[in-house]
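J.: Please see the structure below; I have some questions.
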Ligand code: FRU
């Protein structure tokens, strides 16, 4: 594949053509990372949902596969997860082949149009050839709808303490946990969240997993919400607490966000891995169907490794691009002890990069700064820090002159969560996106942008002046060729 269209990401996954939203069924198996995704193959807007499929050996280079799951008489195929049932608890394995099982939501348009509430329910499909071909389970659905309009996005994981599968399901304004010995018979265990967290919209695409910090195990619950994100539209909040195999108890009720930018949604983690790899949809329901790409719509974020850090007795999620990204980072131009007095022009350093580059710096102090990308059409994207409010920001107000959606051009902010006096940042620019990781990934922001001409100028500005201990800039290779 060569991807040359305007705004086509060069190191982020996009489908060859048509509409994509949430990542689904993320799983590692026998040397391959599988990514399934919400896909409408017949249009560049949302519609009858299928599961598209792509495979990668390194989480960076992706190979799109034939569509995995098609709509059927029970409905469209909404979001869900996949597990490797290595002990054949489901009995769906045959002749010694253990099944890869997808647990997804069927969305029944006919029942919906009849004004019923029970049009979403959970079903299974399985594969005995590592995801190449799929059979729907003949007893679908495996979890019927009890009369809740939003009842979807099952994320299933084996729980070693209770030795059962646990399903984390988004049920309107809360999460409902179910357990099962075999992926087929499900028992309701508990609910969480009716009075906790952000509730500006419906809860979607949850994930629940354990993490270790300082030898202690804690549980992380991710909950996407649409709308109600801190910078508008859809976003992903998280809670940290305990899970005893039945119910989730948060340590406190503070709402935290995994990425404060506008364009990281419905992200969940891969199953069957020994590290936590998180991947999100790099768009926002507020404008996803209107962005000015022609052949396809939407990309995924970079896969990120999650870890935990404790700041002021609070557990915080840290996210950083997976280490495999290094493979495609070119030789960096690095300098030490750079004094920025007013503005430092780096345009020459990005001239060859065709919009794809990594910028990193490290500073012993933190002052106001702005990283400005611009073009000859007076469009600019500004990423920076504002000491007065102790906030990072991405300003895309002037990133595009032509308006395709009225809320798109805005300034997005994120709290600086680190207490350190020093700071470091990593920025990854692709054709139409920036991923910003500050303070080792303690604050992350992802935003997409669509200038009418590519940005070809880069400056770092600091009115007060700022001394950078190190500054690195490198081009990023395309993953398509
Ligand atoms: C989240 C979401 C899910 C749903 C899917 C439908 O973006 O709304 O809740 O399963 O998209 O495509």
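The values are calculated or read from the model by the stated rules, or taken from the named source; none is laboratory data. Note that the coordinates shown come from a computational prediction; the quantities given were computed from them, not determined experimentally. Reconstructed Cβ throughout: ideal geometry from the backbone, glycine too, with neighbour counts over all protein chains shown.
J.: Among 248, 239, 243, 270, which is the only one that is away from the ligand (no atom under 16 Å from the Cβ), touching a strand residue (DSSP E or B) at 6+ places or on another chain (Cβ under 9 Å) and over 30 Å from residue 87 (Cα atoms)?
T.: 239
J.: Considering the stretch 214-227 alone, what residues qualify as being within 19 Å of residue 194 (Cα to Cα), away from the ligand (no atom under 13 Å from the Cβ) and more than 15 Å from the chain's Cα centre (by Cα)?
T.: Residues satisfying the conditions are 219, 220.
J.: Look through the stretch 205-251, keep the residues that are modelled with pLDDT under 95 and assigned to a loop (DSSP other than H, G, I, E, B), and return whichever of them is farthest from residue 434 (Cα to Cα).
T.: Within the stretch 205-251, the match that is farthest from residue 434 (Cα to Cα) is 215.
J.: Condition first: in contact (Cβ under 8 Å) with a residue 40 or more places away in the chain and closer than 21 Å to residue 146 by Cα. Now tell me which residues in the stretch 194-222 satisfy that.
T.: Result: 202, 203, 204, 205, 206.
J.: Evaluate the stretch 61-75: report whether one residue or more is within 19 Å of the chain's Cα centre (by Cα) and within 12 Å of the ligand (Cβ to nearest atom).
T.: There is no residue in the stretch 61-75 that is within 19 Å of the chain's Cα centre (by Cα) and within 12 Å of the ligand (Cβ to nearest atom).
J.: For the list (1) surrounded by fewer than 19 Cβ atoms within 10 Å (Cβ to Cβ); (2) touching a strand residue (DSSP E or B) at 6+ places or on another chain (Cβ under 8 Å), I need the number of the one condition that residue 480 fails.
T.: (2)
J.: So for the stretch 176-188 (the condition being touching a residue at least 40 places away in the same chain (Cβ under 8 Å), buried (at least 17 other Cβ atoms within 10 Å of the Cβ), within 16 Å of the ligand (Cβ to nearest atom) and under 22 Å from the mean Cα position of the chain (by Cα)), does at least one residue qualify?
T.: Checked against the condition, which is being touching a residue at least 40 places away in the same chain (Cβ under 8 Å), buried (at least 17 other Cβ atoms within 10 Å of the Cβ), within 16 Å of the ligand (Cβ to nearest atom) and under 22 Å from the mean Cα position of the chain (by Cα), the stretch 176-188 yields no hits at all.
J.: Is one or more of the residues making up the stretch 262-277 surrounded by fewer than 22 Cβ atoms within 10 Å (Cβ to Cβ), touching a residue at least 40 places away in the same chain (Cβ under 8 Å) and part of a strand (DSSP E or B)?
T.: Scanning the stretch 262-277, I find at least one residue that is surrounded by fewer than 22 Cβ atoms within 10 Å (Cβ to Cβ), touching a residue at least 40 places away in the same chain (Cβ under 8 Å) and part of a strand (DSSP E or B), so the answer is yes.
J.: Just checking, how many residues over the stretch 78-123 are in contact with a strand residue (DSSP E or B) (Cβ under 6 Å, 6 or more places away or on another chain) and within 16 Å of the ligand (Cβ to nearest atom)?
T.: Residues meeting the conditions: 16.
J.: Is the stretch 193-202 home to any residue that is crowded, with 18+ Cβ neighbours inside 10 Å, more than 16 Å from the ligand (Cβ to nearest atom), in a strand (DSSP E or B) and modelled with pLDDT of 95 or more?
T.: no
J.: To continue, here is another question. In the stretch 373-458, which strands (runs of 3 or more DSSP E) lie fully inside it and hold 2 or more residues that are touching a helix residue (DSSP H, G or I) at 6+ places or on another chain (Cβ under 8 Å)?
T.: 423-430
J.: Limited to the stretch 125-167, what total is found for residues that are within 16 Å of the ligand (Cβ to nearest atom), buried (at least 21 other Cβ atoms within 10 Å of the Cβ) and on the phi < 0 side of the Ramachandran plot?
T.: 9
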